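K.L.:
Here's a structure for you.
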Amino acid sequence: MPDMLSQIEKDRLIKGLTSVFAVPFIDDIEDFIWEAVFAYVKSIPIAKFRNKKLFDVIDPIQKNGWSVKALQWRVHPGVEFELVVQRADIIKKAKELGFSRLSLKSPEKDLGAALLKHWHKKIEEDVVSQNVINKKICVLLKSEHRDKFAFYEDDVLIYQPNDLSWKWTDKSKTGLQGLRKSDGFCIYRWYPNQKQFFERFVLPQNAFIFELNLKKITIEEIIDLLETHLNSIP
């Protein structure tokens, strides 16, 4: 996988994260904070209003849309990581997905096909509603002590039913795995109790991994800085 960030963007990523972590009101980089930092990295506007659409950051010129995630995880080349991409209640939505009925007793391939259809439907709808052409995902991996980070970016991959095989993790059927036939890698996990659909990734050997020397400024300092700046605005 090619390096997805230019050197300028890498510098902006380090600058943005270091600056945000310095703010005493911010405990961690996650959710909207990471979305805003990533928009800064890419030099594009951040959305003014949050929604439940797939793409959190959009380049209106290039029509690139990113699903932006931050995750505490181990940080080293080749590490496998996973994150929730959707809540998928496929049993309740069986007819909507084109199945007469679904249950935990249904064939694994039918459950897998329903999961893919449910996920693809979300992607297709949000591509249209958010005016996106190039579908992407980016993830910030954060070590436990927030001293090591990794940046991951790739296209949103669309798998067809024949690309995957599905099996339960055990006889209790607590988790369903979607395995890529080409290499046996577990791409998806689905947990019927929580209805959570996970996608799994591998951090490339050439991923941008970096360390930060984080410092906090005091509450008094940040308030004084902001007050001075606000007072200078006409």
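K.L.:
Which members of the stretch 1-55 meet the condition of being hydrophobic (A, V, I, L, M, F, W, C), over 18 Å from the mean Cα position of the chain (by Cα) and not in a loop (DSSP other than H, G, I, E, B)?
P.N.:
Once the filter is applied, which keeps residues that are hydrophobic (A, V, I, L, M, F, W, C), over 18 Å from the mean Cα position of the chain (by Cα) and not in a loop (DSSP other than H, G, I, E, B), the stretch 1-55 yields ILE8, ILE14, VAL20, PHE21, ALA22.
K.L.:
Take the stretch 3-35 and flag every residue that is of a type outside the set (S, T, N, Q) and free of Cβ contacts under 8 Å to residues at least 12 places away in the same chain. Steps first, please.
P.N.:
Initial filter on the stretch 3-35 (of a type outside the set (S, T, N, Q)): 3-5, 8-17, 20-35.
Those that are of a type outside the set (S, T, N, Q) and free of Cβ contacts under 8 Å to residues at least 12 places away in the same chain: ILE8, ASP11, LYS15, ILE26, ASP27.
K.L.:
Please count how many residues of the stretch 163-195 are within 22 Å of LYS135 (Cα to Cα) and either hydroxyl-bearing (Ser, Thr, Tyr) or open to solvent by 70 Å² or more (accessible area, probe 1.4 Å) (or both).
P.N.:
Result for the stretch 163-195: 1.
K.L.:
Within the stretch 37-56, work out how many residues are free of Cβ contacts under 8 Å to residues at least 24 places away in the same chain and open to solvent by less than 20 Å² (accessible area, probe 1.4 Å).
P.N.:
As a first pass, look at the stretch 37-56 and keep what is free of Cβ contacts under 8 Å to residues at least 24 places away in the same chain: 39, 44-52, 56.
Among the residues that remain, those that are also open to solvent by less than 20 Å² (accessible area, probe 1.4 Å) are: 39.
Here the count works out to 1.
K.L.:
Looking only at residues in the stretch 56-77 that are within 14 Å of the chain's Cα centre (by Cα) and not in a strand (DSSP E or B), which one is farthest from ASP154 (Cα to Cα)?
P.N.:
TRP73
K.L.:
Quick test of your reading of the structure: PRO234 fulfils all but one of (1) without any contact (Cβ under 8 Å) to a residue 60 or more places away in the chain; (2) on the phi > 0 side of the Ramachandran plot. Name the failing condition by number.
P.N.:
The number of the failed condition is (2).
K.L.:
Taking the options LYS148, LYS215, name whichever one is among the basic types (Lys, Arg), in contact (Cβ under 8 Å) with a residue 12 or more places away in the chain and surrounded by 14 or more Cβ atoms within 10 Å (Cβ to Cβ). Don't jump to the end; show me each part of the working.
P.N.:
On the way: LYS215 fails: surrounded by 14 or more Cβ atoms within 10 Å (Cβ to Cβ).
Matching residue, one of LYS148, LYS215: LYS148.
K.L.:
Any residue at all in the stretch 181-204 that is farther than 23 Å from SER106 by Cβ and of a type in the set (Val, Ile, Thr)?
P.N.:
Yes, the stretch 181-204 has at least one match.
The values are calculated or read from the model by the stated rules, or taken from the named source; none is laboratory data. Just so you know, these numbers come straight off a predicted model, no measurement behind them. In this analysis, Cβ positions are derived from the backbone assuming ideal geometry, glycine residues included, and neighbour counts consider all displayed protein chains. The area values use the complete protein model at the heavy-atom level, side chains included, leaving out ligands, DNA and RNA. Shrake-Rupley method; radii C 1.70, N 1.55, O 1.52, S 1.80 Å.
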